[in-house]
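Peer 1: Below is one structure. I have some questions about it.
Nothing in this text is a laboratory measurement; each read-out follows from the coordinates by a stated rule. Quick caveat: nothing in here was measured; it's all calculated off a predicted structure. Every residue, glycine among them, receives a Cβ derived from its backbone with ideal geometry; neighbour counts consider all protein chains shown.
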């Protein structure tokens, strides 16, 4: 009989019932980070432009969307999207109950669905090839917004945070 | 006996609300000053002159036409105003008016307007002083909840997106904001240009009140079929089936 291994990595999507304010997003992401076992993580949601992108008011600044700094695991970075869902790859199934508890602690008043599935692609797409050429580290796949002109990604590591793209679109 | 149009079938709360919207028999919930509505529309500065596309009709010397003699022009048409628009985005999370019902309201109750419905937004075009009056009527009435509906001339998406934590409809350009006093404030005009002063739009509806006043059928609210488990569907569905049948079999021309 074949049984699922509990040591294989799993992919999970956390979808809160509401869009999160930066402070709540920070709380949620820190709780998830504190749970541990994260191989990679991406946040997803509608874009927050720094200025009006089109129409008669094109170019007018949107002060509300600027400097949305959040701090995760001691590293600060700027939010470019309204946090609507968080996709994660966890080292193994054993981190899932902790993740559920972390979401309940961070979002006591907001319903939250946690789905297990496949959320990161495994083979490079044409967009990936156009941006990176041959992909050396396959963990990067699925972390990039394919519509962004450049990759927009914050890499959290032990030594510091790198924001690859600060250019406005 | 005088004919009273029924407008919309059904006995559910949504059916009743849809009838109210179409008939124009709406409750007035707030009174937003006209100057503030003009500022949010953003077409002219409050108090400024109306721009025109032709001289007033009285000066133009119109041709002898029986229709023109029967139909009195609207104030905007008589003055020769430019055609302007107001566009609304209403959340699918139980906003009182959904796009089609703003259009029905406009087409039935507003003279000289051109309503248009899109998937998540609704636009009405009319002569400038007419559209200002129509927009104020929409703002003041129960068609609008200031948290779930907002005027968006561009970057309109929000209808089908989840709400923000504070119950506001998501707006990429942050045209409205929830104040600390619980009131919603308009801070930008409908195309995202900041206003000189914030406009107090009043308190939003509670979730229960929005569900009571909504015109959207939802499986987690009021269903189009009426009461779940009832032996007979609500009249709204029966009327819809009837129309579908006539339309499919005879192209709406039963002869």
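Peer 1: Could you work out how far apart the two model spin labels at residue A:119 and residue A:58 are, taking each label as a point 7 Å from the Cα in the direction of the beta carbon, and quote it in nm?
Peer 2: In this crude label model, residue A:119 to residue A:58 measures out at 3.5 nm.
Peer 1: What residues from the range A:61-86 fall in the zone where the backbone N is under 14 Å from a label point 7 Å along the Cα-to-C-beta line of residue B:157?
Peer 2: The answer is A:81-85, whose backbone nitrogens lie closer than 14 Å to the label point.
Peer 1: Name the residues of the range B:29-44 whose amide N is less than 15 Å from a point 7 angstrom out from the Cα of residue B:75 along the C-beta direction?
Peer 2: Of the residues in the range B:29-44, B:33-38 have backbone N under 15 Å from the label point off residue B:75.
Peer 1: Can you tell me the FRET efficiency between residue A:8 and residue B:6 if r is taken as the Cβ-Cβ distance and R0 is 56 Å, rounded to the nearest 0.05?
Peer 2: 0.35
Peer 1: Sticking with this structure for a sec: Return A:77, B:217 ranked ascending by Cβ neighbour count within 10 Å, so the fewest neighbours appear first.
Peer 2: Numbers: A:77 17, B:217 20.
Ascending Cβ contact count within 10 Å gives the list A:77, B:217.
Peer 1: Moving to a separate point now. Please find, in a Gaussian network model of chain B (springs between Cα atoms separated by less than 10 Å), the residue of B:31, B:181, B:114 whose mean-square fluctuation is greatest.
Peer 2: Result for chain B, Cα springs under 10 Å: B:181 fluctuates most.
Peer 1: Kindly state, to the nearest 0.05, the FRET efficiency for residue B:100 paired with residue B:64, given R0 = 45 Å and r defined as their beta-carbon distance.
Peer 2: On the way: r = 39 Å, r/R0 = 0.88.
Given R0 = 45 Å and the Cβ-Cβ separation, E is 0.70.
Peer 1: Show log10 I(q)/I(0) for chain B at q = 0.10, 0.12 Å⁻¹, two decimals, from a solvent-free Debye sum over equal Cα scatterers.
Peer 2: -0.57, -0.79
Peer 1: Let me ask you something else. Please give the direction-averaged projected area of the C-alpha convex hull for the protein assembly as shown, in square nanometres with one decimal. All intermediate terms of the calculation are to be shown ahead of the outcome.
Peer 2: Numbers: hull surface 124.4 nm².
That works out to 31.1 nm², a quarter of the Cα hull's surface.
Peer 1: Another question, then. Shielding of A:45-55 by partners, i.e. mean partner chain Cβ atoms within 10 Å per residue? Intermediate values should be presented prior to the final figure.
Peer 2: Values: counts 3, 7, 1, 3, 4, 0, 2, 8, 5, 4, 10.
Averaged over the peptide's residues, the number is 4.
Peer 1: Moving on. Work out the FRET efficiency for residue B:183 and residue A:23 from their Cβ-Cβ distance, taking R0 = 25 Å, and round it to the nearest 0.05.
Peer 2: Calculated value: 0.70.
Peer 1: Another question about this same structure. Over chain B, what relative contact order in percent results from Cα pairs under 8 Å that are six or more residues apart? The partial results should precede the final answer.
Peer 2: Values: 434 pairs, mean separation 56.9, N = 255.
Value for chain B: 22 percent.
Peer 1: Ignoring solvent entirely, what values of log10 I(q)/I(0) come out of the Debye formula for the range A:10-119 at 0.21 Å⁻¹ when each Cα is a single scatterer?
Peer 2: Debye output, listed in q order: -1.11.
Peer 1: Can you give the mean number of other chain Cβ atoms that lie within 10 Å of the Cβ atoms in peptide B:153-161?
Peer 2: Numbers: counts 3, 7, 6, 1, 1, 1, 0, 0, 5.
If you average over the peptide's residues, the count of other-chain Cβ atoms is 3.
Peer 1: While we're looking at this one, here's another question. For the range A:10-119, what does the relative contact order come out to in percent, with C-alpha contacts under 8 Å and a separation of six or more?
Peer 2: Numbers: 192 pairs, mean separation 55.1, N = 110.
RCO, the range A:10-119: 50 percent.
Peer 1: I would also like to ask the following. Averaging sequence separations of C-alpha pairs under 8 Å and six or more residues apart, then dividing by the length of the range B:3-101, give the relative contact order as a whole percent. Spell out each step's value before the answer.
Peer 2: Values: 58 pairs, mean separation 20.8, N = 99.
Averaging sequence separation for qualifying contacts and normalising by length gives 21 percent for the range B:3-101.
Peer 1: Sticking with this structure for a sec: Measure out, as a whole number of angstrom, how far apart the alpha-carbon centroids of the range A:42-84 and the range B:110-184 sit.
Peer 2: About 23 Å separates the Cα centre of the range A:42-84 from the one of the range B:110-184.
Peer 1: Only counting other Cβ atoms within 10 Å, I'd like A:103, A:112 sorted with the fewest neighbours first.
Peer 2: A:112, A:103
Peer 1: Let me have the 222 nm mean residue ellipticity of chain B computed from DSSP H runs of 4+ only, each contributing -39500 (n - 2.57), with the sum over all residues rounded to the nearest 500. Display every interim value, and only then the final one.
Peer 2: Working: 9 runs with 80 residues, N = 255.
So the calculated ellipticity at 222 nm is -9000 deg cm²/dmol.
Peer 1: Moving on. Using a simple spin-label model with points 7 Å from Cα along the Cα→Cβ vector, what separation in nm is obtained for residue A:111 and residue B:250?
Peer 2: Output for this residue pair reads 4.5 nm.
Peer 1: Of B:135, B:227, how do they rank once you tally other Cβ atoms within 10 Å and put the fewest first? It would help to have the intermediate numbers written out before the result.
Peer 2: Working: B:135 26, B:227 13.
Listing B:135, B:227 from fewest to most nearby Cβ atoms yields B:227, B:135.
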